[in-house]
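To keep things clear, I will list the structure first and then write my remarks on it.
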Amino acid sequence: MTPGADRVIAPIVWAAAFAFLWSFDPLSRPLVLDPATWDYMSVALGDGVIPYRDIFLHKTPGAIFVGALGARVATWVGAAPVAGAHLANIVMAAAGPALLYLLCRRRMTVLPALAAAAFMLAADQWAVAAVEGVRPKVATTVFGLGALLAATHGRAVVAGLLGAAATLCWQPGVAFLAGACWELRAGGVRALARSAAGAALPVLALGAWLASVGALGDFVDQAIVFNGHYIRIHARTPVDTVAHLVAQLVSWNRVEMILLPLAVAGLVRDCSRLGGGLAVTALVYLALVFVSFQAWPDTILFAPLLAAVLVAGLPALARGMMPERFAHVVVLAIALAAVATPHSKRLRPPIDFATQAAAFDALAAGVADDADVLVISLPEFLVHTDRHSRWTWPYMWFGVDRHASARSEGGFEGLLSELDAEPPALMLVARRWRGPLRQQFEAWARSRYTREQVWIYPHTVRPINVYRPIEAESRNYP
């Protein structure tokens, strides 16, 4: 088939992927947990809230700009900014399978390339990440696939630029940049130098912007220095990493994991259909997983890699047992069947956006729109009520509380003294903050605030702690 035909098929793949993701009614979904933090930062950027300077962030910020662009467009047309941020993420997510199709077409015929796109879309974590809100790993993967595709066409500057963009959405996106460099190696030092020049462009642009808004030092401290501590604190043994990774992949990719050993056996016979750039990306990212692997979102980058392995390996295994074209049809049918049978419960949340908004609006009842609020681990409240938190730390787990204390004048006691000087009208603390600093916070709040616990989706396992000021005359300070 001619390259011109691929220019027609790829947009059709994008449209089909978009339609599939749209079938989950993404703009009516409630906001949820980690994506809601990125939703908030994307929307808040339009209010002048600068990453690192005004809100703590230990990842690179690229996805915020993608979400902020969608939010800005939504504002121009009179829609809710958060809806625009979500739509931008879905547009990006639909592009992933289309890019994978084009990438696989460099070494495969149409049917297996279509099967790769379908397998990527069938990965539940990809669909969930697409529809739940702004997720940096979606943008990382899409820019990364674009980098690999550009590299296969010899476009070194574009490959470097997109590879750096992937890394600036999430640090492990550097795996795609490594894969792109592998594809460019035939061009020698000149191609690699051009790739490095392309990679420097977004890095320099981000650095210049951060410096212009007074956030460059905070970026280094949070996205680089803090992560060194984070990795040491949460390091796993290699055996634990393998066990956790396999458990997550089996939970999210049952069909793919059943077929994976067969596909690997096929690759042993013939690995020529699996692009070297994809293989290098997979190996580099796998190595990074052993540096730090936390939860299922870290498997999102494996979606296109698994898909490519399956469509390269399964037909190779079947060679000699059936005609190659028939093997391609079978693999495509399996992939489409997997797309048609998503199993993650997260794709069908129990409430909608409006119901969740009403519940969070009720929490803010009686609190003036311009009143100070302190919100920890509850970005859903900030987005729904169009507010900003008093503290710059959106969450306090995984050592963030110690980081905040170490970088605040007077330590954690100084932070509490600032709250005493200007008490927030409402404080909300949700998931995962534990440890001695949380206990210190509770001891401080006990004589100043009442506390009740409420459960609002998605905070249904760990409750939301709601603190309201005790009337001054009835306070009993220690």
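Just so you know, all these numbers are worked out from the coordinates, no wet-lab data involved. Nothing here was measured: the structure is a model prediction, and the numbers come from that model. Positions of Cβ are backbone-derived with ideal geometry, glycine not excepted, and every protein chain shown enters the neighbour counts.
A few notes on this one:
- Summed side-chain charge close to GLY217 - residues other than GLY217 whose Cβ falls under 12 Å, Lys, Arg +1, Asp, Glu -1: 0
- Considering only the chain, percent of DSSP beta bridges that pair antiparallel, nearest 5: 60 percent
- Dipole of the chain computed with +1 at Lys/Arg Cβ and -1 at Asp/Glu Cβ about the Cα centre; of ILE470, LEU416, PHE65, farthest Cα towards the positive end is PHE65.
- Mean-position separation - Cα centroids, segment 308-322 and segment 164-200, in angstrom: 30 Å
- Relative to the globular-protein estimate of 2.2 N^0.38 Å, the Cα radius of gyration of segment 241-300 stands at 1.21.
- Counting only Cα atoms, segment 302-440 measures 78, 37, 21 Å along its principal axes, largest extent leading.
- Computed [θ] at 222 nm, deg cm²/dmol, the chain (DSSP H ≥ 4; -39,500 (n - 2.57); rounded to nearest 500): -20000 deg cm²/dmol
- Mean shadow area of segment 111-257, taken as a quarter of the surface of its Cα convex hull (nm²): 11.3 nm²
- Sites ARG462 and ALA15 - FRET efficiency at Förster radius 45 Å, r taken between beta-carbons, to 0.05: 0.70
- Normalised convex hull volume, segment 47-133, alpha-carbon set, Å³ per residue: 119 Å³
- Measuring spread by the Cα atoms of the chain yields a radius of gyration and Dmax of 23.8, 86 Å.
- Cα-based Kirkwood hydrodynamic radius, segment 233-345, one decimal, Å: 15.2 Å
- Residues in segment 355-385 that a label on ASP47 would reach, taking backbone N under 12 Å of a point 7 Å out along Cα→Cβ: 369-375, 379-385
- Centre-to-centre separation between the Cα atoms of segment 43-106 and those of segment 332-357: 21 Å.
- Counted over segment 353-474, the DSSP beta bridges are approximately 65% antiparallel.
- With the cut-off at under 12 Å, measuring from each backbone N in segment 252-266 to a point 7 Å along the Cα-to-Cβ line of MET321 picks out 262-263, 265-266.
- Cβ-Cβ distance of ARG432 and LEU336, R₀ of 45 Å, FRET efficiency by 1/(1 + (r/R0)^6): the value works out to about 0.70.
- Dipole axis of the chain (+1 Lys, Arg; -1 Asp, Glu on Cβ), positive-most option in PRO315, ALA199, MET41: PRO315
- Mean projected area in nm² (Cα convex hull; one quarter of hull surface) for segment 374-478: 6.8 nm²
- Summary value for segment 353-474: 24 percent relative contact order, contacts being C-alpha pairs under 8 angstrom separated by 6+ residues.
- Relative contact order (%) - criterion: Cα under 8 Å, at least six apart; region: segment 3-347: 21 percent
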